[in-house]
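This report concerns only the one structure given below.
The values are calculated or read from the model by the stated rules, or taken from the named source; none is laboratory data. The structure presented is a predicted model; accordingly, all values stated were derived computationally and were not measured. Because the Cβ atoms are built from the backbone with ideal geometry, glycine has one as well, and the counts that use them run over all protein chains shown.
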Amino acid sequence: MLGQLLAAQGDFDQALNYLQQSLQILQHLRSPDAEIVKRIISRIQQMAGDRS
């Protein structure tokens with residue numbers, strides 16, 4: 001996912017933006033993948049917090 005690549009480069013804000021958009025779409029579609037994206041978002045939020 002693009003969000004994961006951006007997070008790996010340290011661009012947490014943009015990564016979270018893309019992932020939140022993805023999550024909204026997946027939730028609208030009732031996709032089981034939404035849970036995976038939620039976990040990814042949580043991990044990136046932790047990474048961003050660790051850098052603060």
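Return yes or no: is Gly49 part of a helix (DSSP H, G or I) and without any contact (Cβ under 8 Å) to a residue 12 or more places away in the chain? Write out each step before concluding.
On the way: part of a helix (DSSP H, G or I): yes; without any contact (Cβ under 8 Å) to a residue 12 or more places away in the chain: yes.
When the stated conditions are applied, Gly49 passes them.
Are any of the residues in region 8-25 modelled with pLDDT of 95 or more, surrounded by 12 or more Cβ atoms within 10 Å (Cβ to Cβ) and touching a Ser or Thr at 6+ places or on another chain (Cβ under 6 Å)?
no
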